[in-house]
């Protein structure tokens with residue numbers, strides 16, 4: 001993975017000093033609360049329901065074991081021994097003290113980490129495929145491109161105060177695992193007929209209040225022009241994006257208002273001035289960064305490991321885990337492993353300090369000392385020998401990291417919700433818990449098969465509910481928690497925004513509604529159809545009808561509310 | 001009358017005034033004060049010839065929704081161009097400053113006016129702003145430190161024509 005040189009380190013060290021001074025001036029009364037807010041947000045510090053929350057950057061999800069150990073140590077010393085992985089592949093600490101945040105950032109800088117631009121109206125953490133560099137369906141490793149973008153976007157002087165936040169994702173595989181069309185800019189690496197690597201650029205995607213999939217602004221742009229072209233897009237957005245209404249300030253609204261063709265004309269006109277300038281990236285720079293991501297010292301192994309095959313054949317629990325949590329690798333004899341952070345009863349994406357240390361050890365022993373955070377809020381060991389899988393599983397299982405539910409109904413993407421987040425309209429983790437309780441039979445989960453269920457506690461859509469087969473959105477009605485259900489969203493190459501099935505539900509109805517939706521699928525599916533396939537074939541109506549069957553929305557709601565209040 | 005501003009890393013006394021139209025005043029009729037003065041863009045556009053007669057060194061300021069395109073060929077006439085930051089979180093002025101420097105090759109002073117605070121000075125400097133009318137209630141001596149926040153940068157900008165990736169080799173040497 002990328003290692004800092006002395007300049008990268010110096011820049012991060014100077015950032016810590018700058019932030020320490022900002023906090024000191026704030027505490028001394030020289031920097032008002034309003035003046036500090038954008039500055040602390042650009043260092044990942046929110047003021048939440050119970051106090052501060054610090055969002056630590058994990059660039060494109062890559063972590064070294066030593067870095068995860070540092071996160072464990074920080075969570076022990078400055079927090080409550082737990083971290084939360086987010087859909088931007090970052091980690092949130094929910095209980096730090098404001099006064100201690102400079103010290104935390106100082107600790108992070110020692111292991112080449114920071115919290116730069118994890119919030120604020122600026123370019124956020126770049127995300128990508130968790131299987132980058134090992135996926136069999138990959139054109140090229142996307143991580144050097146992500147790192148190039150990380151450096152370019154870090155303290156970019158022109159784009160630190162954009163109209164709104166700005167998210168970029170990169171995919172280089174046949175299957176998009178980075179949800180690139182749900183981003184302000186989505187980049188898809190391609191090769192043209194001459195063999196040159198370039199990007200297809202999507203712009204104006206995003207979730208939130210107005211979910212929109214990105215549109216193609218450029219079918220193919222040679223990679224050397226990547227940064228100058230993004231500068232042109234960002235400059236047009238910075239100058240002309242709306243600043244009068246924060247709900248209409250994302251680039252997607254500008255693209256929608258102008259239309260993609262007019263927006264493209266403006267960007268191309270701007271780019272004409274920047275093209276071939278000094279920001280053109282030479283091959284030597286791509287090569288310099290790519291060298292940091294050179295493959296680890298994979299052994300020459302047979303594609304089939306007899307011992308592993310025998311263990312799979314002889315142990316159903318292990319076989320189930322292999323089926324859901326072990327993924328193909330481009331190198332014979334190796335596999336990528338997802339460690340599930342979605343054990344029943346656990347808050348999705350949460351990882352304890354002990355688990356962090358266990359994962360760091362697993363990475364050191366079995367996966368070249370590196371790991372990845374997924375946008376689905378799990379952890380990946382990317383380079384495990386087939387013959388080691390059983391031991392990895394046994395260790396992971398002891399620490400509740402081996403739930404065999406990756407891609408299944410209980411592999412829920414979920415924001416922290418109203419228990420912690422000041423923005424949330426409703427709690428999300430208890431909904432995830434309730435779904436887990438309802439669907440506690442692994443055989444049934446396996447029978448239901450591939451399905452995505454995502455939960456967001458508010459319209460900001462941190463839980464990506466719009467792109468889930470079943471999406472759950474917390475809404476506020478007269479200070480009560482309600483949940484709106486969408487169906488038909490999906491990630492991947494056929495990315496789609498889900499449709500609302502109707503009036504929202506009370507918390508205790510949600511698991512019943514999920515059960516109803518799943519039942520319609522199980523009844524109507526054809527062999528080999530996934531939930532989303534059946535839904536697309538038979539349409540939304542049967543699902544809707546079953547979800548509301550026997551429910552008088554309004555009267556039922558009042559009764560339920562009384563129950564909740566009395567509790 | 002003068003006020004203290006930061007110009008090229010130093011605190012100096014400066015005589016320039018900023019003319020701001022109040023409600024009821026119009027660009028066409030507002031009395032032009034004695035110079036030196038930064039005129040609102042609308043006044044400049046409405047009364048260019050009059051301003052050129054009146055001021056030996058004219059000045060103008062752009063609001064955050066006004067681009068340097070509106071000045072274009074007139075750029076070189078100005079000793080000072082102000083860029084207004086109505087709120088420090090309004091980042092449009094950064095693009096305006098870069099365009100003035102890098103596209104229109106304006107070589108005179110670009111002065112940040114409005115909600116100008118210590119923690120944005122470094123970014124402003126990188127975008128080609130070289131004078132800063134720090135908000136009056138702030139300690140300008142303390143603000144000066146904001147210009148020295150970082151000693152190296154990744155991107156090319158108005159202050160540095162080459163991105164770091166074109167300079168790393170030299171650093172390492």
Every listed condition ((1) part of a loop (DSSP other than H, G, I, E, B); (2) closer than 25 Å to residue A:139 by Cβ; (3) within 14 Å of chain B (Cβ to nearest Cβ)) holds for residue A:295 save (3)
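Okay, residues lined up against (1) closer than 17 Å to residue B:60 by Cβ; (2) within 15 Å of the chain's Cα centre (by Cα); (3) part of a helix (DSSP H, G or I); (4) at pLDDT 95 or above:
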site: B:6; (1), (2), (3), (4): no, yes, no, yes
site: B:13; (1), (2), (3), (4): no, no, no, yes
site: B:25; (1), (2), (3), (4): yes, no, no, no
site: B:34; (1), (2), (3), (4): yes, no, no, no
site: B:38; (1), (2), (3), (4): yes, yes, no, yes
site: B:42; (1), (2), (3), (4): yes, no, yes, yes
Among strands (runs of 3 or more DSSP E) entirely within region A:451-567, at least 1 residues that are at pLDDT below 95 and closer than 30 Å to residue A:247 by Cα occur in A:470-477, A:480-487
When every residue in region B:87-99 that is farther than 14 Å from residue B:127 by Cα and in contact with a helix residue (DSSP H, G or I) (Cβ under 9 Å, 6 or more places away or on another chain) is compared, the one nearest to the other protein chains (Cβ to nearest Cβ) is B:89
I'd like to know if region A:396-412 contains one or more residues that are modelled with pLDDT under 95 and either within 24 Å of residue A:165 (Cβ to Cβ) or surrounded by 23 or more Cβ atoms within 10 Å (Cβ to Cβ) (or both).
no
Selection over region A:130-148 where residues are crowded, with 23+ Cβ neighbours inside 10 Å and in contact with a strand residue (DSSP E or B) (Cβ under 6 Å, 6 or more places away or on another chain) yields a count of 7
Note on residue B:56: of the conditions (1) part of a loop (DSSP other than H, G, I, E, B); (2) over 18 Å from residue B:16 (Cβ atoms), unmet is (2)
- Task: Could you please let me know if residue B:63 is within 14 Å of chain A (Cβ to nearest Cβ), within 17 Å of residue B:38 (Cβ to Cβ) and without any contact (Cβ under 8 Å) to a residue 24 or more places away in the chain?
- Result: yes
The number of residues in region A:48-63 that are assigned to a loop (DSSP other than H, G, I, E, B) and at pLDDT 95 or above is 2
Exercise for the section: Take residue B:103 and decide whether it is facing chain A (nearest Cβ under 9 Å) and either out of contact with any helix residue (DSSP H, G or I) (no Cβ under 8 Å at 6 or more places or on another chain) or closer than 25 Å to residue A:119 by Cα (or both). Expected result: no
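Would you call residue B:112 within 25 Å of residue A:231 (Cβ to Cβ), outside any helix (DSSP H, G or I) and away from chain A (no Cβ under 14 Å)?
When the stated conditions are applied, residue B:112 does not pass them.
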Does region A:169-183 include one or more residues that are in contact with a helix residue (DSSP H, G or I) (Cβ under 6 Å, 6 or more places away or on another chain) and without any contact (Cβ under 8 Å) to a residue 40 or more places away in the chain?
no
Among (1) assigned to a helix (DSSP H, G or I); (2) more than 10 Å from chain A (Cβ to nearest Cβ); (3) crowded, with 21+ Cβ neighbours inside 10 Å, residue B:84 falls short only on (1)
Margin query: Regarding region A:282-289, can at least one residue be identified that is in contact with a strand residue (DSSP E or B) (Cβ under 9 Å, 6 or more places away or on another chain) and touching a residue at least 12 places away in the same chain (Cβ under 8 Å)?
Written below: yes
With criteria (1) surrounded by 24 or more Cβ atoms within 10 Å (Cβ to Cβ); (2) more than 11 Å from chain B (Cβ to nearest Cβ); (3) closer than 12 Å to residue A:164 by Cβ, residue A:237 comes up short on (2)
From the option list A:101, A:66, A:87, single residue qualifying as part of a helix (DSSP H, G or I) and buried (at least 22 other Cβ atoms within 10 Å of the Cβ) is A:101
Just one listed residue, out of A:372, A:400, A:365, is closer than 24 Å to residue A:450 by Cα, more than 21 Å from the chain's Cα centre (by Cα) and either touching a residue at least 24 places away in the same chain (Cβ under 8 Å) or not assigned by TED's automatic domain parsing to the domain that holds residue A:73 (or both), and it is A:400
Within region B:131-173, of all residues that are assigned to a helix (DSSP H, G or I) and over 22 Å from the mean Cα position of the chain (by Cα), the one farthest from the other protein chains (Cβ to nearest Cβ) is B:170
Counting only residues in region A:16-47 that are part of a strand (DSSP E or B) and touching a strand residue (DSSP E or B) at 6+ places or on another chain (Cβ under 6 Å), the one nearest to the other protein chains (Cβ to nearest Cβ) is identified as A:45
Over region A:127-181, the set of residues part of a loop (DSSP other than H, G, I, E, B) and within 14 Å of chain B (Cβ to nearest Cβ) is A:154, A:155, A:156, A:157, A:158, A:159, A:160, A:161, A:162, A:163, A:164, A:165
Those residues of region A:1-12 that are surrounded by fewer than 15 Cβ atoms within 10 Å (Cβ to Cβ), more than 9 Å from chain B (Cβ to nearest Cβ) and part of a helix (DSSP H, G or I) come to a total of 1
**Prompt:** Yes or no: residue A:207 more than 30 Å from residue B:105 (Cα to Cα) and outside the structural domain of residue A:167 (by TED's automatic domain parsing)?
**Reply:** no
Exception for residue A:324 within (1) in contact with a helix residue (DSSP H, G or I) (Cβ under 9 Å, 6 or more places away or on another chain); (2) over 24 Å from residue A:435 (Cα atoms) falls at (2)
For strands (runs of 3 or more DSSP E) lying entirely in region A:310-419, having 2 or more residues that are within 22 Å of residue A:300 (Cα to Cα) picks out A:326-328, A:334-339, A:370-373, A:379-385
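Within region B:89-108, identify whether any single residue is over 15 Å from the mean Cα position of the chain (by Cα) and assigned to a loop (DSSP other than H, G, I, E, B), and answer yes or no.
Yes, the conditions are met somewhere in region B:89-108.
The values are calculated or read from the model by the stated rules, or taken from the named source; none is laboratory data. These numbers were taken from a predicted model, which means no experiment stands behind them. Every residue, glycine as well, gets a Cβ built from its backbone with ideal geometry; the counts of neighbours run over all protein chains shown.
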